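The values are calculated or read from the model by the stated rules, or taken from the named source; none is laboratory data. Nothing here was measured: the structure is a model prediction, and the numbers come from that model. The area values use the complete protein model at the heavy-atom level, side chains included, leaving out ligands, DNA and RNA. Shrake-Rupley method; radii C 1.70, N 1.55, O 1.52, S 1.80 Å.
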Amino acid sequence: MALTFYHAHWCPECAVVREKLEQLNVSFEDVVVPDTRKFRKQVFEISGQYYVPVIKDDALVLSETRDILAYLDDRYGEGGSGPDAIRKFAAQAQPKSDTLGEDDAHPSCRLT
């Protein structure tokens, strides 16, 4: 199964993940989500939260940029653990509880 990358074009953290995917020459399904969090139903359905970036690789879903970058290096980088990375990163893949609030009518991504 192919890796799926959920993102917004303008999101700076999404750009960092996209650069890593391209650097590692990872093929992926590119899913551009709505700018406004409340319309990101597809992201919520797979990750339990509305922020981007999100990746789905087989059964693994990651929604924190640092976790995504570390996973990509370990899974697809030279000297990484390859397919075993999915098991190694399973703890970071726990669904994040998220609810919509008043500010969610505006474009947003997770900035750390």
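Descriptive notes on the structure:
- Heavy-atom SASA rank of 89, 5, 28 (probe 1.4 Å, accessible area, largest first): 28, 89, 5
- Amide H contacts under 5 Å for residue 8, placed H, 5+ residues apart: 33
- Couplings 3J(HN,Hα) for region 2-17, derived from phi with the Karplus relation 6.51 cos²θ - 1.76 cosθ + 1.60 (θ = phi - 60°), are 7, 6, 10, 10, 9, 7, 10, 4, 7, 6, x, 5, 5, 4, 5, 5 Hz, where x marks Gly and Pro.
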